[in-house]
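The structure appears right after this line, and notes come after that.
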Amino acid sequence: MVAELIKGNEIAEAKRNAMKEEVNKLRNEGIIPGLVVIIVGNNPASLSYVRGKTKACKQVGINGKLVELSEDTSEEKLLEIITQYNHDDACHGILVQLPLPEHISETAIIEAISPEKDVDGFHPINIGRMMTGQRAFLPCTPYGIIEMVKAKDISIEGKHVVVIGRSNIVGKPVGQLFLNENATVTYCHSRTANMKEITKQADILVVAVGKMHFVGKDFIKPGAVVIDVGINRKDDGKLTGDVDFEEAEQVASYITPVPKGVGPMTITMLLQNTILSAKWSHQIEGVH
Ligand code: GUN
């Protein structure tokens, strides 16, 4: 058996097409969803990510604004800019690209963004709301992963989900979102003993470790669903995941490729969060 691909690029494209219509309707009511993306410094990878984000905004009719600040921008200045957009009614989402230069506290910046505009879902208020099942902005990569699984009609309730990785951005929240969907969730990480014994029990295995080909076929139960969050660059310049795809596809029932897997979903869910924020700010119902 060879695993069926979960094509994130196709799922993302379908979602963006639906968003175009949704944004059109909002625009007809005089509501133009607006996202402000702030970048400090000129890290080429970060610049490429943020340009991708504002380009995606344009594709669906969201007003995307890129604010490029120099590397030596003070924390005080950045806080001032965030406060300005917190009070700007045309702005429904504020995203400050991470990582930030060392002289700026990421925690201080994340907490300065109004939780009602925190479309990254990084603010402790949104994390708390997500954990307690209240209306919240969900972090984009975990949100995208759940949407991919649902798009393939893979049932989650009662399934054993094993997450490898415990970052604040992906590992921890993706486990929480699967728990919210009534899965049984286990986390594995760098200090986990007998990791393979645990991952081999997974019906759904989420791999977010940041190490090329960390997971081989000996980690995977036959028929499991494998979600690969890794983005690593090989010596030949090509992108590859945290999962050894050639091995895993022989064992799994479904698998996400890298590229064209989880990656395209992340920006798509950022667009979704911005649209939701625009709706919620006008007391229009909108659900995930
Ligand atoms: N840096 C890498 N990924 C992300 C993300 O999803 N949001 C922000 N703000 N910065 C990032």
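No lab work stands behind these numbers, since they all come straight from the coordinates. Here the structure is a predicted model, which means the values were calculated and not measured. Neighbour counts run over all protein chains shown; Cβ positions are idealised from the backbone, glycine included.
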Nearest-20 debye value, the chain charge dipole, Cβ charges on Lys, Arg, Asp, Glu: 520
DSSP bridge orientation in the chain - percent antiparallel, rounded to nearest 5: 5
Cα-based Rg and Dmax for the chain, where Dmax is the largest Cα-Cα distance (Å): 19.1, 57
Cross-link table Lys20/Lys55; Lys53/Lys172; Lys15/Lys211; Lys25/Lys55, entries beyond 22 Å C-alpha to C-alpha: Lys53/Lys172; Lys15/Lys211
Environment charge of Gly61, counting only residues whose C-beta is closer than 12 Å and scoring Lys/Arg +1, Asp/Glu -1: +3
Label-point separation in nm, Glu29 to Lys200, each point 7 Å along Cα→Cβ: 5.4
Average Cα contact separation per residue, the chain, under 8 Å, 6 or more apart, as relative contact order %: 21
Choice from Ile104, Ile156, Ile267 showing the highest fluctuation, given a GNM over the chain with Cα pairs closer than 10 Å: Ile104
Max mean-square fluctuation residue, GNM over the chain, Cα-Cα springs under 10 Å, options Leu239, Leu271, Leu95: Leu239
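Arrange Ile38, Ile31 by Cβ neighbour counts within 10 Å, fewest through most, would you?
Ile31, Ile38
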For Ile255, Ile231, order by how many other beta-carbon atoms lie within 10 Å, fewest first: Ile231, Ile255
Net length gained if the chain between Met131 and Glu157 were fully extended (0.36 nm per residue, minus Cα distance): 7.6 nm
Neighbour net charge for Phe214 - beta-carbon separation under 13 angstrom, K R +1, D E -1: -2
Sequence ranges 174-181, 4-11, ranked by mean other-Cβ count within 10 angstrom, highest first: 174-181, 4-11
Straight-distance crosslink candidates among aspartates and glutamates, where the alpha carbon sits under 18 Å from Lys217 and sequence neighbours closer than 8 are dropped: Glu4, Glu197, Asp203, Asp228, Asp242, Asp244, Glu246, Glu247, Glu249
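Where in the chain are the helices, taken as whole DSSP H runs, whose Cα atoms extend 20 angstrom or more along the long axis and whose Kyte-Doolittle mean reaches at least -0.5?
Answer set is 44-60, 262-281.
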